[in-house]
């Protein structure tokens, strides 16, 4: 099984879903629709949404409709977070996914509203497109918790406040866990719920998601030091320039790699009770660390 | 029955609910919590949330838990929209509800994130605090539709694009319906659902909400021409300054007042089949037009 090929397959599936959901939503304002299409159709890696789909498969053996919608929803939320993160008042980035950021391609007001629209739309599709209200509500709860003021937004807030400070190990873990790992945890949780996981499976996959999410963010820090803008699809070296609190800046490169490797091993070990249906999840942690963008 | 006294009672109830919900949510980032408290505790009129509660009472005779949560949720969404609307890249306003706007009291990044957090939190509480998943999902659907890219955000987008243009009657109605009236419709819909309305009651209250929402926004346009900053709690004359497309600018003051009066009468007429439990809803349309802020 080739990880990148499997990821590409899921990315195509998610892209088709996003396109279809947007097209069938007739009432969207025309100017807004342009910005939404622009940002949603940019070549994102779709890692979080693939994680939803793979966790559903690991539990149920197939991609259920609930997972398809949940994958689209988490991708909308992730995309909104990038749009707002790139704004001049936030990270002030000009490129994302190899293209001008939303506020560069359009303007700041459009970018603010496009982000707001995607966040709202994510919850709308979870409430509209899923037949069983009990499943729908659980998915919404997971997504809101992962993305909200005790999750991703908390991480973004702390990240901004930590600029120009050396930071501590504790602060760094707080930022990375909230900003990134909780969305990975949320993705895994949503996949587990969509697949009809029992409590044990659900908790294991949540834990797995949290670990690979943290590993992913550490890898991102490392890439920002080592990578080039062309590979990243965004401006490299931004973190150092902004004097951000990162793993390499606190632990150094070697120790950072050791930590991410340890997280990957622990994540794989969690999957012992899952059968071959979870093989792709066993590959995922190392694949995320070895990526070059 | 004194409308203002009844509104104040509901406002206190909503304020207590918001305070409680925020306090019991333990995981919220500390810096973010400050901004959330600042914006949620500012003296808002709480009209949308009162509408939720009154529609629930009109149908069921009492304020149910579902309506209490829905009222808090719509107030969070309304507050988020004000925070983002006031940003420099949007309406660039320094005062709101008689206090410095969020980005003035804190900074732009905090304001962007506080808005994002409130929007997410609104869906989180609807998914967490309501016992019946079927009711929870319906409320989430209504709120997302009202606030999203085919609702409030569409109106904000069109409003910004319409700046510096004379506008047409059609465009103006599109903006006001989306930016304001759909949230009033959503509030009425949520109240109806919380109260256990039948299809006929639900549809009537939705229509009522849409009409008073449009009237409310026309009154807002008129107030902006006639009112003073001290009464408005925000900077008056902003619309004319930004050459915004408003009812007075297209129809003149007299005709605008005639239109809002007509909407109020139609809204009241819709309530014929409701008993005395809907008396406050009968007072509401005129009270909204006669307000001085």
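The values are calculated or read from the model by the stated rules, or taken from the named source; none is laboratory data. The model shown is predicted, which means the values in this text are computed figures rather than measured ones. We place every Cβ from the backbone using ideal geometry, glycine too, and count neighbours over all the protein chains shown.
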*Residue identified as in contact with a helix residue (DSSP H, G or I) (Cβ under 6 Å, 6 or more places away or on another chain), within 21 Å of residue B:120 (Cβ to Cβ), at pLDDT 95 or above and buried (at least 24 other Cβ atoms within 10 Å of the Cβ) among A:72, A:50*: A:72
*When residues of region A:10-29 are filtered for being within 17 Å of the chain's Cα centre (by Cα) and without any contact (Cβ under 8 Å) to a residue 12 or more places away in the chain, how many remain?*
1
*Single residue of B:144, B:162 found to be more than 16 Å from residue B:84 (Cα to Cα), within 13 Å of chain A (Cβ to nearest Cβ), at pLDDT below 95 and out of contact with any strand residue (DSSP E or B) (no Cβ under 6 Å at 6 or more places or on another chain)*: B:162
*Which of the residues spanning region A:117-173 are assigned to a helix (DSSP H, G or I) and surrounded by fewer than 19 Cβ atoms within 10 Å (Cβ to Cβ)?*
A:128, A:133, A:134, A:161, A:169, A:170, A:171, A:173
*Please state which of the following conditions residue A:114 fails to meet, knowing it meets all the rest: (1) under 30 Å from residue A:64 (Cβ atoms); (2) part of a helix (DSSP H, G or I); (3) facing chain B (nearest Cβ under 8 Å).*
(3)
*Return yes when residue A:42 is within 25 Å of residue B:124 (Cβ to Cβ) and in contact (Cβ under 8 Å) with a residue 12 or more places away in the chain and no when it is not.*
no
*Has region A:190-208 got any residue that is outside any helix (DSSP H, G or I) and within 14 Å of another protein chain (Cβ to nearest Cβ)?*
no
*Under the condition of being modelled with pLDDT of 95 or more and crowded, with 22+ Cβ neighbours inside 10 Å, which residue from region B:86-108 is nearest to the other protein chains (Cβ to nearest Cβ)?*
B:87
*Just give me the residues in region B:29-43 being buried (at least 22 other Cβ atoms within 10 Å of the Cβ) and either over 25 Å from residue B:142 (Cα atoms) or modelled with pLDDT under 95 (or both), in sequence order.*
B:29, B:32, B:35
*State whether the residues of region A:213-220 include one that is modelled with pLDDT of 95 or more, under 21 Å from residue A:76 (Cβ atoms) and within 14 Å of another protein chain (Cβ to nearest Cβ).*
no
_Flag for residue A:105 being touching a strand residue (DSSP E or B) at 6+ places or on another chain (Cβ under 9 Å) and more than 19 Å from residue B:103 (Cα to Cα)_ = yes
*Taking region A:23-63 as the region of interest, how many residues are more than 14 Å from chain B (Cβ to nearest Cβ), part of a helix (DSSP H, G or I) and farther than 30 Å from residue A:201 by Cβ?*
1
*asked:* With under 30 Å from residue A:104 (Cα atoms), more than 14 Å from every other protein chain (Cβ to nearest Cβ) and surrounded by fewer than 17 Cβ atoms within 10 Å (Cβ to Cβ) as the only criterion, which of A:20, A:10 stands out?
replied: A:20
_With loosely packed, with under 14 Cβ neighbours inside 10 Å, modelled with pLDDT under 90 and more than 20 Å from the chain's Cα centre (by Cα) as the only criterion, which of A:241, A:290 stands out?_
A:241
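Could you say whether any residue in region B:147-156 is in contact with a helix residue (DSSP H, G or I) (Cβ under 7 Å, 6 or more places away or on another chain) and more than 13 Å from chain A (Cβ to nearest Cβ)?
Just the residues of region B:147-156 that are in contact with a helix residue (DSSP H, G or I) (Cβ under 7 Å, 6 or more places away or on another chain), to begin with: B:147-149, B:151-156.
Still in the list and also more than 13 Å from chain A (Cβ to nearest Cβ): none.
Within region B:147-156 (the criterion being in contact with a helix residue (DSSP H, G or I) (Cβ under 7 Å, 6 or more places away or on another chain) and more than 13 Å from chain A (Cβ to nearest Cβ)), the answer is no, since none of the residues qualifies.
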